[in-house]
1. Scan the range B:56-84 for residues that are within 23 Å of B:Ile100 (Cα to Cα) and assigned to a strand (DSSP E or B) and jot them down.
2. Considering the range B:29-71 alone, what residues qualify as being among the hydroxyl-bearing types (Ser, Thr, Tyr) and open to solvent by less than 50 Å² (accessible area, probe 1.4 Å)?
3. Over 12 Å from the mean Cα position of the chain (by Cα) and either closer than 26 Å to A:Gln6 by Cα or within 12 Å of chain A (Cβ to nearest Cβ) (or both) - does that describe any residue in the range B:32-39?
4. Show the residue pairs that are 6+ apart or on different chains and have beta-carbon atoms under 7 Å apart, the first residue being within the range A:52-80 and at positive phi and modelled with pLDDT of 95 or more, the second being in a loop (DSSP other than H, G, I, E, B) and open to solvent by less than 100 Å² (accessible area, probe 1.4 Å).
5. Suppose the filter is hydrophobic (A, V, I, L, M, F, W, C), within 23 Å of A:Ser93 (Cα to Cα) and assigned to a strand (DSSP E or B); does B:Cys22 pass it?
6. Just give me the residues in the range B:6-18 being exposed (fewer than 13 other Cβ atoms within 10 Å of the Cβ) and either hydrophobic (A, V, I, L, M, F, W, C) or assigned to a strand (DSSP E or B) (or both), in sequence order.
7. Do we find that B:Thr102 is away from chain A (no Cβ under 14 Å), among the β-branched types (Val, Ile, Thr) and part of a strand (DSSP E or B) in this structure?
8. Would it be correct to say that A:Ser49 is away from chain B (no Cβ under 14 Å) and within 15 Å of the chain's Cα centre (by Cα)?
Amino acid sequence: DVKVTQSSRYLVKRTGEKVFLECVQDMDHENMFWYRQDPGLGLRLIYFSYDVKMKEKGDIPEGYSVSREKKERFSLILESASTNQTSMYLCASSLRQGPYEQYFGPGTRLTVT
Amino acid sequence: GEDVEQSLFLSVREGDSSVINCTYTDSSSTYLYWYKQEPGAGLQLLTYIFSNMDMKQDQRLTVLLNKKDKHLSLRIADTQTGDSAIYFCAENGPTGGSYIPTFGRGTSLIVHP
């Protein structure tokens, strides 16, 4: 069974803090993704990575950066957290071949005060 | 660009069938997916259908694809309270990159006794 784990289920940070969200998958998937989920807006892609040290911007990359130093680990970084980054953050992984189904972690609910 | 539309809410009585509908715009979609998200959890793949298929059945789940109308539906037979969740339709196509799905905003299924 594919397992995607995220470092925290709940996180509370202050405005201006640097925040690290970690994601680890154990199925040797090439692709990894970071989404944020907000009520009424569905899932929005922040960044994705198709290989180690490779990254591509998604639909809403502003205010975020990512790091993928190892195949199994994909980190999302908020350089200076702001209140409008309060959200549910979901990590996912997938193979690079069809049917490309994504496996999701349980999510991190981040509150920035 | 591509778009995936689904209604926001569906309420059904326990034991009835549920039908969740989805429309998409990318005619070159290769795979179409249904994901389920239970409260406080990440998304879980329920099933997917390849674009050259019309129907796929898996126990209580039936997926119907009308490629001409770009319409996808998920039927849940004998709906149970444990089926209460948000259901996301998604599609993959060359427009977004084969392994980057486009998600709908999700349909909240409410099952009442």
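The values are calculated or read from the model by the stated rules, or taken from the named source; none is laboratory data. Note that this is a predicted model, so its numbers are computed, not measured. Glycine also receives a Cβ, built like all others from the backbone with ideal geometry; neighbour counts cover every protein chain displayed. Just the protein is used for accessible areas: all its heavy atoms, side chains included, with ligands, DNA and RNA removed. Shrake-Rupley method; radii C 1.70, N 1.55, O 1.52, S 1.80 Å.
1. B:Lys56, B:Val63, B:Leu64, B:Leu65, B:Asn66, B:His71, B:Leu72, B:Ser73, B:Leu74
2. B:Ser29, B:Thr30, B:Tyr31, B:Tyr33, B:Tyr35, B:Thr47, B:Ser51, B:Thr62 - these are the residues of the range B:29-71 that are among the hydroxyl-bearing types (Ser, Thr, Tyr) and open to solvent by less than 50 Å² (accessible area, probe 1.4 Å).
3. Yes, because at least one residue in the range B:32-39 is over 12 Å from the mean Cα position of the chain (by Cα) and either closer than 26 Å to A:Gln6 by Cα or within 12 Å of chain A (Cβ to nearest Cβ) (or both).
4. Within 7 Å, the pairs are A:Gly63/A:Ser82.
5. Here the answer is no, as B:Cys22 does not meet what is asked.
6. Residues satisfying the conditions are B:Leu8, B:Phe9, B:Ser11, B:Arg13.
7. No; evaluated as a whole, the condition is false for this residue.
8. no
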